[in-house]
């Protein structure tokens, strides 16, 4: 407020001092300063506020869009993680099934091979026993024959 012009209306804005001034003060206290009317200053200030508000709305919109994109990215990342976990579990299950099938196949091969070898060994064992029995029979026959020959030889003497 100006002490000299208390009853006058403020109509101007001094851009140098950044204050409202009276018309009469323009001639002395603010004579070399840049001055604009209050209406022009209000219009310019309102335009600046509108521009700021628009920029603020644009920033809010951009940040909201970015937030939504980040939310989607987080959801997508979670979905990918779950998908990869499921894939790993499915692959592990398939591998286990393949391993169990291979184990069963190998055990069957071993069992079949063992049965063939046991059968072959039993045949060989039977053949050896038959030969042993044959030899034992021959030994008995030879033993009996040897004694008979000995008796015959002894009797002839």
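Could you identify the single residue in 58, 27, 106 that is loosely packed, with under 10 Cβ neighbours inside 10 Å and without any contact (Cβ under 8 Å) to a residue 24 or more places away in the chain? Answer to the check: 27. Working carefully through the options 41, 69, find the one that is touching a strand residue (DSSP E or B) at 6+ places or on another chain (Cβ under 9 Å), surrounded by 10 or more Cβ atoms within 10 Å (Cβ to Cβ) and in a helix (DSSP H, G or I). Step by step, each of 41, 69 is checked, and only 41 is touching a strand residue (DSSP E or B) at 6+ places or on another chain (Cβ under 9 Å), surrounded by 10 or more Cβ atoms within 10 Å (Cβ to Cβ) and in a helix (DSSP H, G or I).
Laboratory data are not the source of any read-out in this text; all were calculated from the coordinates shown. The structure presented is a predicted model; accordingly, all values stated were derived computationally and were not measured. Using ideal geometry, Cβ is built from the backbone for each residue, glycine included, and neighbour counts are taken over all protein chains shown.
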